[in-house]
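Here is the structure we will look at.
The values are calculated or read from the model by the stated rules, or taken from the named source; none is laboratory data. Predicted model only: the values in this text are computed from it and were never measured. For neighbour counting, all protein chains shown are included, and Cβ atoms are generated from backbone atoms with ideal geometry for every residue, glycine included.
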């Protein structure tokens, strides 16, 4: 898929080098921003963080050049995923906040995305009051929108909203609400496979950590990780599973279950 995206981008680049009407140049800039974002997303999920950051930067520059405010916001909301999972968290908050401000007073999937992305990052940072406000903002926006297709890469379907909301509630320590959201989200993934369902189960493991069930948390994280086919165990899953260990209080990080999870995540791919 990356190869095809790069071929498409090369074609767009070739057209952009030729003298084109202003309206065509704008459209080419928009296409560059979309393709660069999809490339960056793929690289992030593969764990190639340096190149992912570079492509997100390219996407932001292209979206700014296009002048399309909705696209500028969408690219920033999408780019906030990288620092949310890999740091620094402040960058995730900044990107999501910029996207939210750009979409202010214009309800759209991007506006809902930006608000709940900011909520999730703020909750992780510990800014509970503002995170709660952003959750309310995101819900109000989402309630105004028509249903969208789950197959559209640039849509923001309910199941993805619930994934972000689960992260916010989990970080806020509201385990009961997080579990309810996780169950609602998983019901929208009938096959129960893929990265998002695995991330939801890892959020459930983090809820167990917050509920002082350290052994069960590590066992759930390990089982979730092993249940994902090896080819799909991308670094983003490893990063979230390590979060379970990092949030264990005190001596719980030295329990047998925690050691087993740590050793599982440190094994070479072929040995898992």
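Condition check ((1) crowded, with 16+ Cβ neighbours inside 10 Å; (2) over 16 Å from residue 45 (Cβ atoms); (3) out of contact with any helix residue (DSSP H, G or I) (no Cβ under 6 Å at 6 or more places or on another chain)) across all residues:
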site	(1), (2), (3)
224	yes, yes, no
227	no, yes, yes
231	no, no, yes
234	yes, no, no
246	no, yes, yes
254	no, yes, yes
267	no, yes, yes
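Would you check if residue 57 is outside the structural domain of residue 147 (by TED's automatic domain parsing), modelled with pLDDT of 95 or more and either buried (at least 22 other Cβ atoms within 10 Å of the Cβ) or within 26 Å of residue 160 (Cα to Cα) (or both)? Taking the combined requirement at face value, the residue satisfies it. Modelled with pLDDT of 95 or more, in contact with a helix residue (DSSP H, G or I) (Cβ under 7 Å, 6 or more places away or on another chain) and over 20 Å from residue 103 (Cα atoms): does that describe residue 40? Spelling it out, residue 40 is indeed modelled with pLDDT of 95 or more, in contact with a helix residue (DSSP H, G or I) (Cβ under 7 Å, 6 or more places away or on another chain) and over 20 Å from residue 103 (Cα atoms). Taking the criterion of being under 20 Å from residue 24 (Cβ atoms) and assigned to a helix (DSSP H, G or I), the residues of region 47-73 that qualify are 58, 59, 61, 62, 63, 64, 65, 66, 69, 70, 71, 72. Contact list please: Cβ distance under 7 Å, first residue in region 1-20 and farther than 17 Å from residue 66 by Cα, second residue not in a helix (DSSP H, G or I), pairs at least six apart or on different chains. If the second residue must be not in a helix (DSSP H, G or I), no pairs are left. Looking only at region 13-36, decide whether some residue is on the phi < 0 side of the Ramachandran plot, crowded, with 23+ Cβ neighbours inside 10 Å and at pLDDT below 95. Within region 13-36, not a single residue is on the phi < 0 side of the Ramachandran plot, crowded, with 23+ Cβ neighbours inside 10 Å and at pLDDT below 95. Residue 111 fulfils the conditions (1) in contact (Cβ under 8 Å) with a residue 24 or more places away in the chain; (2) within 17 Å of the chain's Cα centre (by Cα); (3) within 25 Å of residue 240 (Cα to Cα) except for a single criterion, (3).
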